[in-house]
Each structure stands twice: as C-alpha cells, then as structure tokens.
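Engineer: Okay, handing you the structure first.
The values are calculated or read from the model by the stated rules, or taken from the named source; none is laboratory data. Only a predicted model underlies this, so the values are computations on that prediction, with no experimental measurement involved. Using ideal geometry, Cβ is built from the backbone for each residue, glycine included, and neighbour counts are taken over all protein chains shown. All accessible areas refer to the heavy atoms of the entire protein, side chains included, with ligands and DNA or RNA removed. Shrake-Rupley method; radii C 1.70, N 1.55, O 1.52, S 1.80 Å.
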Amino acid sequence: MFPITISLNEASEKPLYRQLYEEIAEAINRGLLQSGEKLPSKRNLCRLLHVSHSTVENAYGLLKAEGYIESIPKSGYVVASLSLSPAAQESSSVSKDIKSKTQEPSPQVKTDLFPIGAIATEQFPYSSWARIYREVIYQSPELLEKGDPQGEYALRRELAAYLAEYRGTVCDPRQIVIGAGFEYLMERLLMVLRSLDRRDRPIALEDPGYPAAERIARAFQIPIEYIPVDKSGMKIEKLENSTAGIVFVTPSHQFPTGATMPLSRRTALLKWARENEAYVIEDDYDSDFRYQSRPIRSMQGIDDASHVIYLGTFNRTIAPAVRVAYMILPEPVLEAYQTMFAKQAVTVSRFEQVALSKLMASGIYARHIRRSSNLYKKRGEALKQALLKALPECSITGDGAGLHFLLHLPDVSEKKLIQCAENEQMILHPMSAYQHHGSSRGCTLVIGFAGLSETRMEVSVNCLQNLIHKAKLI
C-alpha cells in the first residue's frame, strides 16, 4: 500500500505525469516519505492509480533526474537521501495536520528541461582531484600566504602550454591573469580597457549574444552597439559602420547560434581592430568540445598586433562550481592591468590553483577532456535523434561543437510555448531571450544537452512534446 494518498485530476490541463511527480515530490519535501522508503513498482502504481505506464514512467523519470528518488538494482525505486538541516529533520517528524497549519507553502521549483550551463558532473575526476588536492594541502603550507595577484605561476605555466597546443595561442605565462569566474575578469578587463580609450567609445556585442557581457557593460555604463550575427558569426561590414572601441565575440562557437567564424572573417575583424586602434575580446568558452571538425586556431594566436584579449574558464571542462577563469592580455593591456591591480589579491584559492596545475601537468586534465568530449558527442546525437523523432517538423543547427544547439520549430508560437512552460513550472530558453533586433519565424530554442542523462533526456523530450501540443491548442 502506498503510504500517501494521491489524487489525480484527468480534467486538469496539467499532464497526469506532472501531477503525479508534484504529489510525490511534495510528500518527500514534507517528510511524509522518508529517505530509503520504497516506492511502488511502476506496474503496481499504474494499477493503483488507473493510469498508463508512460504516466508513471515519466513521473518517476523526472523525480530521479531531480534527485528525489533513486533506482536500486533488483529492488526498485526508493526515496533518495536528502540533506536536511536539523530544523528540517525535526519538522519532518511533525504530523501532517500540524504542518499544514503552521508551515508556509514552499515555492515551486522550476524544471529546466534543457539546461544550457549544465555538464556531466559524474565525469568529474573525483579520485584524482581528491588525491592531488590532499597532497597540495599537506605538502604546501606556504600556500596559506598571500600569492601572486595574477595567480599562481604554476597554473599560468600549464595554461600557456595547454592553450598553445590545443588552441594555438601565443603567450608567456606572465601575460595570463587568473580570476574567480568570467564575470569577475570581464569587469576588471573593461575597467582597464576604458582607462586606455580616451574617446570612451562603445562596446560592440553580438546580436544575439551572451547576456552576461551585456549586463557587465551596462553596469559600467558603457554604450553598447549590437552587431548582427549570421551563419559565419559577427557581420564585420556592420561592425565597420560602428564607432566601437571594444568588440566582444565568441568566434569558435558563437553563443547562442553555434556559428563558427571562418578564417577570412577573423582576419577581417583583426584588420578592423588594427585600423581603429580597438580591442577584441575573444571568449573561447567551450571550444574544447568539437564533434565535426578540428577547431580553428584562436584569434589570439593569429593576432600579430596585440589587439586580442583571450578569455576562458574551467566551468565547462571541470565543473561550474570551480570558479576559475583566465585571460591572456597583450602587452599594453597587461601594463595597464598591473598598474591598476598590482596590490590586489587573487580571488581564487592558491590550493585550488596549484591542484589544477598538477591536474594539467599529469595529463589527467587532457584525458578528462577527451572522455567528456566523447560522452557529450553521444548525448548530443541521442538528443537530436529523439527530438527529430518526436517532432518531425523541427530542424537543428549549431550542433558541430560545444554543449548546446538550436532547435527550430517553424509552426509553433514562441510566446504561447513559453507561456505553457511557465504554467507547468518548466524552463525553456528561447532565442528571443538573447536577441535585440530582428526575429525569426516560428520558435527557436537553445537546447543544452551535456547535463542530461538518458532518463532525463527522455522525460525532457516528452515534456517539450506535450508543451508544443498545448501551445498549438491555444
């Protein structure tokens, strides 16, 4: 017998699997279902609730994907071990009647069907990282002292060698600056670049483009000029008509379209930068992952006039929680940076920096990238096939690299689809969220796939299919 009462409403617009998911998730959150408690088998729950197998399959799949339940071989599904605070643990033992009177309802957590920034955290080299980090802590007590404001030389040296081999960059370790994430370094960089440009010229951003770059520029009250993007990246002829002194680009895998800027256009962009005494910020955020061709050499590597600043992070290669980013500064910018920030401390733990340097020096990092790339290629292909099968009218672009692609739905209203998703407490990423000028017919979604397990992938596709069906009925 199921220890809670489940009430499903077939007349509701909300799918039955979603109702079932929410009922069980709420019971777990309120302590009515305890960690380790066994759930009914799919067959038994189908019979108990008089619902189809797919309803229970999708509900259990979503619960498992979000960590509410786990599958035990030869035993079935059980409630997962949830980390509750002492106060929460104590409240979970209070009766349902008392809780309903005294406890405010918790806000519903939205489900991101195709998260863009997620990665396969199970790929993280846990044992190697733990061993190296432990060794660094016990063997390097001097790291408790204040370090180099540009970051540990050991990590900068390994980065210079790695980027030269895999991205074709050309730099000395002293040109590299380590910082706590992309946004932190971008803020410092814009401060330096503004100090070098007496004309206070605007920054040119890709349209559509990366919202964090726009957000930071606005915070510094820097005028913005939006330059349209086509299948080859930023349109240089449009840039030439601007008055920008800084341009921010993602040439290896444009965000969010996935376009790769060809060498001819990169050369034209560098020519524009030289002629206008401007700087190009090259964000190489996920170029480690390519599935259809070898990556084109970075713009920094072909720049012979010191106009390109190269930005990268470990967010997608290691984990988003490892807040380590880096930038390569050309000599004039480096001098200005050192003048402005020479006395400020680096914002990343020295222990973490040295551990990363050893991970790279040992070859573990490069092997981790290869394993992750193989996994992401399989996941991307599997998701594309699932979407094309479920939605025959759709098309896919921007899938040659990175951890996301575009899904084009020509006969779907984006506004209605996003509204349906919000009603179901689900998150989708429409192209319009990254766009300032122009719009495309139908609906285009940015689809992240790296963090989707096989089970969650199936659930997400089914959810999207249901949302599209509802949007077309409105």
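Engineer: Examine segment 444-464 for a residue that is out of contact with any helix residue (DSSP H, G or I) (no Cβ under 9 Å at 6 or more places or on another chain) and surrounded by fewer than 18 Cβ atoms within 10 Å (Cβ to Cβ), and state whether such a residue exists.
Structural biologist: We begin by selecting, within segment 444-464, every residue out of contact with any helix residue (DSSP H, G or I) (no Cβ under 9 Å at 6 or more places or on another chain); these are 448.
Narrowing the set further to residues that are surrounded by fewer than 18 Cβ atoms within 10 Å (Cβ to Cβ) leaves none.
Taking every residue of segment 444-464 in turn, none turns out to be out of contact with any helix residue (DSSP H, G or I) (no Cβ under 9 Å at 6 or more places or on another chain) and surrounded by fewer than 18 Cβ atoms within 10 Å (Cβ to Cβ).
Engineer: Every residue in segment 267-291 that is open to solvent by 20 Å² or more (accessible area, probe 1.4 Å) and farther than 24 Å from Gly181 by Cα, please.
Structural biologist: Of all residues in segment 267-291, those open to solvent by 20 Å² or more (accessible area, probe 1.4 Å) come to 267-268, 271, 274-277, 279, 285, 288, 290-291.
Across segment 267-291, the qualifying residues are Thr267, Ala268, Lys271, Arg274, Glu275, Asn276, Glu277, Tyr291.
Engineer: Right, something else. When the residues of segment 165-185 are narrowed to those that are part of a helix (DSSP H, G or I), touching a residue at least 60 places away in the same chain (Cβ under 8 Å) and under 25 Å from Leu263 (Cα atoms), which ends up most open to solvent (accessible area, probe 1.4 Å)?
Structural biologist: Filtering segment 165-185 for residues that are part of a helix (DSSP H, G or I), touching a residue at least 60 places away in the same chain (Cβ under 8 Å) and under 25 Å from Leu263 (Cα atoms), the one most open to solvent (accessible area, probe 1.4 Å) comes out as Tyr166.
Engineer: Which residues, counting only those in segment 393-430, are farther than 30 Å from Asp284 by Cα, charged (D, E, K, R) and touching a residue at least 40 places away in the same chain (Cβ under 8 Å)?
Structural biologist: Residues satisfying the conditions are Asp411, Lys416, Glu424.
Table: residues versus (1) outside any loop (DSSP other than H, G, I, E, B); (2) in contact with a Lys or Arg (Cβ under 7 Å, 6 or more places away or on another chain); (3) open to solvent by 30 Å² or more (accessible area, probe 1.4 Å).
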residue: Glu206; (1), (2), (3): yes, no, no
residue: Glu214; (1), (2), (3): yes, no, yes
residue: Ala217; (1), (2), (3): yes, no, no
residue: Gln221; (1), (2), (3): no, no, yes
residue: Tyr226; (1), (2), (3): yes, no, yes
residue: Ala244; (1), (2), (3): no, yes, no
residue: Phe248; (1), (2), (3): yes, no, no
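Engineer: Working only within segment 326-337, note down all residues that are assigned to a helix (DSSP H, G or I), touching a residue at least 12 places away in the same chain (Cβ under 8 Å) and either of a type in the set (A, V, I, L, M) or surrounded by fewer than 22 Cβ atoms within 10 Å (Cβ to Cβ) (or both).
Structural biologist: Restricting attention to segment 326-337, the residues satisfying the condition of being assigned to a helix (DSSP H, G or I) are 331-337.
Still in the list and also touching a residue at least 12 places away in the same chain (Cβ under 8 Å): 331-334, 336-337.
Matches in segment 326-337: Glu331, Pro332, Val333, Leu334, Ala336.
Engineer: If I ask for residues that are open to solvent by 10 Å² or more (accessible area, probe 1.4 Å), among the hydrophobic types (A, V, I, L, M, F, W, C) and part of a loop (DSSP other than H, G, I, E, B), which ones from segment 292-325 would you list?
Structural biologist: Scanning segment 292-325 gives Ile296, Ala305, Ala319, Ala321, Val322.
Engineer: Further question: Can you tell me which residues in segment 56-73 are part of a strand (DSSP E or B), open to solvent by 30 Å² or more (accessible area, probe 1.4 Å) and of a type outside the set (S, T, N, Q)? It would help to see each step written out before you state the result.
Structural biologist: Kept after step one, since they are part of a strand (DSSP E or B), are these residues of segment 56-73: 69-72.
From the residues that got through so far, the ones that are open to solvent by 30 Å² or more (accessible area, probe 1.4 Å) too are 70-72.
Within segment 56-73, Glu70, Ile72 meet the criteria.
Engineer: Further, regarding this structure: Is it the case that Ala421 is within 19 Å of Gly258 (Cα to Cα), open to solvent by less than 10 Å² (accessible area, probe 1.4 Å) and not aromatic (Phe, Trp, Tyr)? Let's see the steps before the verdict.
Structural biologist: Working: within 19 Å of Gly258 (Cα to Cα): no; open to solvent by less than 10 Å² (accessible area, probe 1.4 Å): yes; not aromatic (Phe, Trp, Tyr): yes.
Spelling it out, it is not the case that Ala421 is within 19 Å of Gly258 (Cα to Cα), open to solvent by less than 10 Å² (accessible area, probe 1.4 Å) and not aromatic (Phe, Trp, Tyr).
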